Amino acid sequence: MLRKWKNSILLLLAVVAMAQDSMVSPAVRRVGEKLACLCGACKNTVGTCDMMGCHYTAPKREQIASLLAKGQSDEAIIDTIVNEVGLKALSEPPSTGFNAMALIMPFVMIGLGLTAIYWFIQRSRKLVPVNVTAPVVADRYQAMAEKEIEKLD
Amino acid sequence: MENLGALSILLGLCLAIYSVIASITGAWKQNPFLIKSAQRAAVAVWGLVTLASGLLVYFLLTDDFRLVYVAQYSNKAMPAVYKFAAWWGGQAGSLLLWNFILACYAFVVITQNRNRHHKIMPYVTAVLMTTQVLFLVLIVFAANPFEVLTVGKGVTSIPDGKGLNPLLQYWTMVIHPPTLYLGYVGFVVPFAFAIGSLITKQPGDTWIHTTRRWAIVTWLFQTAGITLGAGWSYAVLGWGGYWVWDPVENASFLPWLTSTAFLHSVMMQEKKGMMKIWNIVLVSATFFLSIFGTFLTRSGIVASVHAFAQSPVGPYFVTFLAAGIVAVTWLILDRLEFLKSETQLESVISRESSFLFNNLILLASCFAILWGTMFPVISEAVTGEKISVDAPFFNRVNIPIGLFLMFLTGIGPLIAWRRSTFESLRRAFYWPTIGGVVLMVALVAAGMHHVYAVLCFGLCMFVTISISTEFYKGGRAISGKDKIGLIPAMIELTHRNTRRYGGYLIHIGVVLCFIGFAGAAFNKDLTAEIGEGQKMTIGRYELTLNNITFGENDNYVWRRATIAATVDGKPYAILEPEGRVFKAQNEPYHSVGIVRKLNEDLYMNFANVSEDGKKAVIQAYVFPLVSWIWIGFWVMFAGTIVCLVPSKVRLEYARTQVVGVVEKHASQVEK
């Protein structure tokens with residue numbers, strides 16, 4: 001009896017608030033994917049977080065659904081949430097000001113890498129390869145090649 | 001006995017410091033006795049760290065709750081295997097594991113090379129022991145696993161511990177951290193040899209030949225560790241995400257990218273005597289990124305669900321990294337003359353240049369991930385406002401990079417060393433290109449409109465055909481010459497040059513992984529509340545809840561949903577996802593039900609029960625092609641093992657002895 005009671009208490013503890021709707025509409029998911037889930041336990045977006053009863057995503061999805069029902073555009077909804085939570089509400093850094101560096105820098109680095117390869121190739125082209133193989137070494141490879149050809153025959 | 005543990009790590013620290021000083025002084029003064037003494041000190045460090053590790057495991061297995069560490073990360077009800085895994089479940093224990101693995105590596109390196117590389121070895125010992133000093137300092141001063149619970153001045157004990165985090169009580173967690181650490185720590189060895197070689201200005205590629213197997217084996221450990229982590233995440237977190245670009249996941253991926261670049265680039269040095277500076281840079285970057293990853297996981301600098309609790313280890317890591325990077329940079333700059341290439345790139349269309357692009361892409365991905373991981377910290381420092389950098393950013397940057405890398409994987413085998421002609425390229429590219437394009441057209445015609453997925457499948461076909469062609473052509477030649485079947489001929493071909501064909505197998509493994517990643521574009525999910533006998537439908541599956549049962553064992557209480565899955569009315573599988581609550585921590589945990597098939601996984605999480613306790617809240621998912629990721633790993637594993645098998649034919653790379661000489665000098669040489 002005591003054990004059953006204990007089980008019930010433990011299971012009850014496991015029942016977290018279940019405000020999350022069972023079906024996330026495509027529109028809510030679309031907007032949600034632009035917003036970070038800030039629960040601290042995952043790196044998903046509000047659109048993709050699958051933690052049951054997530055204390056951040058569940059109310060945000062409800063908020064998005066209600067704003068969509070009022071006819072607000074995706075951008076307006078995102079602006080509303082950013083005004084409430086701050087820039088960290090966005091799943092990606094905004095493309096303005098210093099934060100634009102987030103997306104720019106990787107491609108700048110690729111550009112620099114390509115430039116370095118171009119420079120490396122150009123430098124190599126300016127050099128004329130000269131065969132300075134020692135005769136002994138050349139003879140050894142010649143012998144190896146002849147042996148291989150012989151095998152093929 | 002806990003004093004013995006604390007004493008052994010303290011003594012280990014003293015001996016490690018002695019080993020560093022004696023190695024360097026011995027090499028400087030050319031005193032073989034001092035060098036030998038330093039090596040013996042390093043072996044003694046191994047003995048002491050092993051003793052400390054054994055003691056911690058003993059305390060965990062015997063439930064000695066006088067120790068803070070045991071009380072925090074173990075409890076009586078936990079199965080013995082998880083008590084053992086608690087060794088690396090917390091900060092202090094995992095640092096001791098780092099120390100243990102490093103000490104073992106140092107022991108093996110010193111034993112293996114006791115009669116070889118006399119010039120380099122003192123510096124190798126010094127680098128290994130310097131790293132050991134860092135990690136011993138951490139457990140002596142910042143996170144001591146042998147700290148005891150005290151009341152006043154007396155040692156006390158508690159009846160039972162808190163236990164290991166329930167999420168970590170899963171079989172892959174028993175092997176994932178040690179495997180990953182074997183990879184992380186292992187790159188200390190090639191790094192140590194590279195530094196030893198630089199300091200002593202060793203001619204030739206001794207450090208590369210000596211550490212080739214180390215590099216391959218530790219790369220395999222890194223790959224296995226990352227895949228095990230992904231497998232754990234897939235099966236334990238309850239939503240099937242195997243990779244979410246979490247900072248700790250990223251930290252494990254960064255050294256993998258640079259070590260992969262190194263394993264490619266090192267071939268240029270072995271075969272052509274090129275890229276010597278670059279290889280030193282890559283092996284150093286891998287080492288420092290391994291240390292950086294450990295710092296990221298433990299310092300609390302970035303928020304992560306996987307990170308250890310915040311602790312005062314940050315300044316130690318920052319000091320070590322700063323001093324190490326400055327020292328290595330100075331050393332490279334000072335030895336530039338010694339690191340000059342022996343040959344030059346002869347043609348843009350050559351295997352060499354494909355390696356350059358391969359390295360560029362791997363490094364670009366590494367930079368993008370590092371940048372994205374650290375950007376919230378950088379942005380907050382500059383703008384004063386917190387921002388988030390989540391999966392959409394990493395996917396936006398890394399998917400195109402990954403696809404380009406896949407393209408390079410396909411063209412690499414088709415281009416010859418030194419130079420290729422356009423005609424030979426046209427012949428080589430013909431069938432792979434046709435195959436890739438036909439598949440993409442067929443997929444679009446069949447209704448697949450996800451651009452990245454279509455491109456990915458097309459490129460996978462391109463790479464598969466290009467690699468298969470290599471096996472086929474080589475196998476056919478041997479088959480014709482030796483009069484044996486095509487399959488035995490292909491095995492013979494692989495045996496003759498295990499590195500090359502093992503490498504191709506690894507590439508096939510990567511292709512399979514990419515197929516699995518592309519499948520994620522078509523994931524389906526559905527959450528529903530259903531009572532006994534009620535149904536829900538996802539994709540082609542109809543799911544019926546048969547019953548909900550409850551039970552308990554010493555460790556946790558559970559509720560289990562038994563769900564029958566049917567396809568077109570025919571029985572398909574019975575799944576039994578469980579919701580558990582661990583008694584010691586009072587924390588919920590989900591044991592999911594998965595039916596794994598090649599085409600797709602049916603994945604089910606018993607997320608909750610309705611408030612009246614009669615209905616189950618079921619999260620059902622269909623994950624197309626996800627199994628290909630795990631199969632891809634096993635193919636990569638097999639390929640790496642093949643690479644480690646000595647080739648039947650000892651290949652002498654005819655380093656062409658062609659040196660790049662400026663034109664005006666060329667005429668003089670010819671005269």
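Residues A:Ser91, B:Ser420, ranked from the fewest to the most other C-beta atoms within 10 Å, line up as B:Ser420, A:Ser91.
Residue pairs exceeding 29 angstrom between C-alpha atoms, taken from B:Lys535/B:Lys597; B:Lys272/B:Lys473; A:Lys60/B:Lys524; B:Lys76/B:Lys535; A:Lys147/B:Lys271: B:Lys76/B:Lys535. For segment B:205-261 and segment B:273-300, write down the distance between their C-alpha centroids in whole Å. Between the Cα centre of segment B:205-261 and that of segment B:273-300, the gap is 14 Å. The mean count of C-beta atoms from other chains within 10 Å of the C-beta of residues in B:614-626, rounded to a whole number, is 1. Taking 0.36 nm per residue of separation and subtracting the current Cα-Cα distance, fully stretching the chain between B:Val645 and B:Gln30 would add 217.7 nm.
Scoring B:325-338, B:493-506, A:59-72 by mean Cβ neighbours within 10 Å over their residues and listing the highest first yields B:493-506, A:59-72, B:325-338.
Shape annotation for segment B:1-72: C-alpha extents along the principal axes are 50, 16, 14 Å, from largest to smallest. Between B:Arg496 and B:Trp171, the contour length at 0.36 nm per residue exceeds the alpha carbon distance by 113.2 nm.
Once C-alpha pairs closer than 8 Å and six or more residues apart are averaged by separation and normalised to the residue number of chain B, the relative contact order reads 11 percent. From most to least packed by mean Cβ count within 10 Å, the peptides B:386-399, B:528-541 give B:386-399, B:528-541. Amide H contacts for B:Glu147 (H built 1.01 Å from N in the peptide plane; partners 5 or more residues away or on another chain; cut-off under 5 Å): B:Val68, B:Tyr69. As a rough footprinting exposure proxy, the listed residues A:Trp119, B:Trp214, B:Trp88 were ranked by other beta carbons within 10 Å of their own, and the order from fewest upward is A:Trp119, B:Trp214, B:Trp88.
For the peptides B:604-614, B:363-373, the ranking by mean Cβ contacts within 10 Å, running from highest to lowest, is B:363-373, B:604-614. What percentages, rounded to whole numbers, describe P(r) for chain B computed over all alpha carbon pairs with 10 Å bin width beginning at zero? Bin by bin from 0 Å, the calculated values are 3, 13, 22, 24, 20, 12, 5, 1, 0, 0. In terms of overall dimensions, the C-alpha atoms belonging to segment B:82-161 reach 54, 28, 16 Å along their principal axes, ordered largest to smallest. Karplus-derived 3J(HN,Hα) values for segment B:149-159, using 6.51 cos²θ - 1.76 cosθ + 1.60 with θ = phi - 60°, are 6, 10, 10, x, 9, x, 7, 10, 9, 10, x Hz; glycine and proline are entered as x. Within 10 Å of the Cβ of each residue in B:364-375, the mean number of Cβ atoms contributed by other protein chains is 4. In this rough spin-label picture, where each label sits 7 Å from Cα along the Cβ direction, the B:Ser610-A:Ala41 distance is 2.4 nm.
Counting every Cα pair in the protein assembly as shown, what percent are over 37 Å apart? Percentage above 37 Å: 51. The alpha-carbon atoms of segment B:269-387 define a convex hull whose volume equals 147 cubic angstrom per residue. Shielding value for B:554-566 is 1, the average number of Cβ atoms from other chains within 10 Å of each residue's Cβ.
Name the long-range amide H neighbours of B:Val609: under 5 Å, sequence gap of 5 or more, or other chain; modelled H, no Pro or chain starts. Those lying under 5 Å, H to H, from B:Val609 are B:Val617.
Here the 3J(HN,Hα) profile of segment B:272-277, calculated from phi with Karplus coefficients 6.51, -1.76 and 1.60 at θ = phi - 60°, is 10, x, 9, 6, 5, 5 Hz, Gly and Pro shown as x. At what distance in nm do the modelled label points of B:Arg426 and B:Thr537 sit from each other, each positioned 7 Å from its Cα along Cα→Cβ? Between B:Arg426 and B:Thr537, the simple spin-label model gives 5.5 nm.
Label-to-label distance for A:Val82 and B:Ile399 is 2.2 nm, based on points extended 7 Å past Cα in the beta-carbon direction. For chain B, the mean residue ellipticity at 222 nm estimated from helices alone is -21000 deg cm²/dmol, where every DSSP H run of n ≥ 4 contributes -39500 (n - 2.57) and the total is divided by all residues, rounded to the nearest 500. Computing FRET efficiency as 1/(1 + (r/R0)^6) for B:Ala446 and B:Tyr472, where r is the C-beta to C-beta distance and R0 is 25 Å, gives about 0.35.
Cysteine residues of the protein assembly as shown whose C-beta has no other cysteine C-beta under 4.7 angstrom: A:Cys39, A:Cys42, A:Cys54, B:Cys14, B:Cys104, B:Cys366, B:Cys456, B:Cys460, B:Cys513, B:Cys643. Each other residue within a Cβ distance under 14 Å of A:Ser95 adds +1 if Lys or Arg and -1 if Asp or Glu, for a net charge of 0. Pair-distance distribution P(r) for segment B:421-486, from all Cα-Cα distances in 10 Å bins starting at 0: 22, 34, 27, 14, 4 percent. Among B:Trp634, B:Trp245, B:Trp417, the ranking by other beta carbons within 10 Å of each residue's beta carbon, starting with the fewest, stands as B:Trp634, B:Trp417, B:Trp245.
Under 5 Å between amide hydrogens, built in the peptide plane, is the criterion, and for B:Glu552 it picks out B:Trp558 among residues at least 5 positions away or on other chains. Rounded to the nearest Hz, the phi-derived 3J(HN,Hα) couplings of segment B:384-394 under the Karplus curve 6.51 cos²θ - 1.76 cosθ + 1.60 (θ = phi - 60°) are x, 10, 6, 10, 10, 10, 10, 3, x, 5, 5, where x marks glycine and proline.
Where a number appears in this text, it was derived from the coordinates with a stated rule and is not lab data. Keep in mind that what you see is a predicted model, and the values were worked out from it rather than measured. We place every Cβ from the backbone using ideal geometry, glycine too, and count neighbours over all the protein chains shown.
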